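A quick write-up on the structure given underneath.
The values are calculated or read from the model by the stated rules, or taken from the named source; none is laboratory data. The model shown is predicted, which means the values in this text are computed figures rather than measured ones. FYI the Cβ positions are ideal-geometry reconstructions off the backbone, even for glycines, and counts take in every protein chain you see. SASA here: full protein model, heavy atoms, side chains in, ligands and nucleic acids out. Shrake-Rupley method; radii C 1.70, N 1.55, O 1.52, S 1.80 Å.
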Amino acid sequence: MKKSPLWIASILLLLLFQASGVWAQSAKKTSYKNNEEVRTVQGCEYQVLKGLAEITAVEKTRSKSESALGYDEYSVKFKFIPMEKGQQLMADFGENSFDFFLRSGYDRLPVGPKYLKHYYVHKGQKFAMEFLQTGDKTCREQYTYKSLGIPNDLFEAQDSIKAYKIQVAAEKLYKKEKEVNEAKGIAMAEEAATQTSGNRPPEVAPVEEPKEEDPKEEEDPTEEDPKEEEEPEVDLNLPSDEELRKKVEAEMRAKEGIKKSPDEIDVDSLRAAIEKEERAKAKAEAAKQAELDQKNAIKREKQAAKERKKLEEQRRKEIKAKEEALRDEMAAKLAEEKEAIEARKEAIREQVTNEIRRESCVYEEKVSGTIKVVSVEEGPTEVESLFGYKEYVVTLRFKPDNYSDLSKKERKLWDKTFTFKLDPKGKSANPGATYVRIHKLFKGNKYNGFAQRLSSGICNDIMVYSPDLPIDASQVRK
């Protein structure tokens, strides 16, 4: 039966009003102990239990594409643990498993992923709760609760509650119509089965009544009697459609060797027969396979022995070749190291010789002026350095205070770039990272200091220093 749109809209509106708490309940009275807290909610008296709620399950029940709320719906179950002496849950609640919903009045909505993430809802989580229960069966709800740990307001469902109500109402209506249609279908099937089984009254073939002779058409006795034609015999016991179907089915089943329909087969007997047949087949195949596996195993073992012997010989040859290659490699390496050691000895010898010769260097009188750092670049590494640290090559310019009073020829002597050295009359070393960092020896920095030009000896052409840039031998370090 088709439902009119007006009727469906009426049902939806009725469900929406009911869900919104429009129908008020009259106050119900329930007897509780005098010392127990009682609270009236929606006209019913509830016993208030105080304790802890523990999340027992969090499962996804509906995907975002199917939900009117616009997010994946989750079912959250919890159990309640009374914490005050003498309080306990009513026996009606059975396994102590309750649904945790987002609530507003009578509306109950499932939680979504944002809520779960925001409040870190997970199995085993515990939080404070007031659990309200009543034994009055006429109340709309046998229990309700107030979460004191995590809020159960509408949260992310606020904007979709109307669409969700319509969806729930439509699902209830569809379920009811389905139950009615299924009931009608069962009744029609039973009626059809009754007719098929032969409980209907037998069909009676109609009896032909004799026709009355028309007096006007009497035969003329003077005319010759026509030759009487024999009427064909008619079999009035022809089979009905159902009988014909059964006859054809019986013949075809006998021809094909199918005695019963799939619905009439004894599944247990058929399963036992097939299992017996398959087990016997599997046993024979297993025995055959075991014999074949044994033969293959022996064959594989012999082949593996040959391969192992072959690999062993090949491995011996490879080890010998590798040993010879390693000897050649090591000889070349040792030769390089020997050469490096000799070169290092020669460099140290040259350094020591120069240090001795620098002791006799003579510089002119010092000139005051401005020192400017031109560049700071990486020099020899810690391994390459004769002083055991990473060196930095620093270039400077020095401008005497009386630069403007000098002649062009004298100015040219100072317009050059000089290399900064520590202990110039001894080791003549480049500064290390620690010196550069402590004395802020960076490009562009300027210092007030002094310079002395070389008068005689093998030292640098100019010796530059200042109170902020000490150059004594103690500065030659990492």
The number of residues in segment 345-363 that are loosely packed, with under 13 Cβ neighbours inside 10 Å and not β-branched (V, I, T) is 8
Residue count, segment 400-433, condition farther than 17 Å from V464 by Cβ and among the small types (G, A, S), comes to 4
Looking at segment 438-451, can you tell me whether even one residue there is polar (S, T, N, Q) and under 17 Å from K372 (Cα atoms)? yes
When segment 48-91 is checked residue by residue, the ones that are open to solvent by less than 30 Å² (accessible area, probe 1.4 Å) and closer than 17 Å to M129 by Cβ are V48, L49, G51, A53, I55, A57, V76, F78, F80
Per the filter on segment 389-404, residues in a loop (DSSP other than H, G, I, E, B), open to solvent by 50 Å² or more (accessible area, probe 1.4 Å) and not polar (S, T, N, Q) are K390, D401
Scanning segment 100-125 residue by residue, those more than 24 Å from I81 (Cα to Cα), in contact with a strand residue (DSSP E or B) (Cβ under 9 Å, 6 or more places away or on another chain) and crowded, with 17+ Cβ neighbours inside 10 Å turn out to be G112
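Could you please find all residues in segment 449-478 being part of a strand (DSSP E or B) and either β-branched (V, I, T) or surrounded by 13 or more Cβ atoms within 10 Å (Cβ to Cβ) (or both)? Working first, answer last.
Quick first cut of segment 449-478, residues part of a strand (DSSP E or B) only: 449-456, 462-466, 469.
Result: G449, F450, A451, Q452, R453, L454, I462, M463, V464, Y465, S466, L469.
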Taking segment 95-144 and keeping only residues that are in contact with a Lys or Arg (Cβ under 9 Å, 6 or more places away or on another chain), at pLDDT 90 or above and either assigned to a strand (DSSP E or B) or aliphatic (A, V, I, L, M) (or both), one is left with F98, D99, F100, A128, M129, E130, F131, L132, T144
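With K409, K366, K421 as the choices, which residue is touching a strand residue (DSSP E or B) at 6+ places or on another chain (Cβ under 8 Å), open to solvent by 50 Å² or more (accessible area, probe 1.4 Å) and closer than 19 Å to I462 by Cβ? Give the derivation first.
On the way: K409 fails: touching a strand residue (DSSP E or B) at 6+ places or on another chain (Cβ under 8 Å); K421 fails: open to solvent by 50 Å² or more (accessible area, probe 1.4 Å).
Residue meeting the stated conditions: K366.
Can you find even one residue in segment 433-444 that is part of a strand (DSSP E or B) and either on the phi > 0 side of the Ramachandran plot or in contact (Cβ under 8 Å) with a residue 24 or more places away in the chain (or both)?
We begin by selecting, within segment 433-444, every residue part of a strand (DSSP E or B); these are none.
Within segment 433-444, none of the residues are part of a strand (DSSP E or B) and either on the phi > 0 side of the Ramachandran plot or in contact (Cβ under 8 Å) with a residue 24 or more places away in the chain (or both).
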Problem set entry | Residue within segment 379-394 that is of a type outside the set (S, T, N, Q), at pLDDT 95 or above and closer than 26 Å to S456 by Cα present | yes
Counted residues in segment 263-284 being open to solvent by 100 Å² or more (accessible area, probe 1.4 Å) and more than 45 Å from the chain's Cα centre (by Cα) come to 5
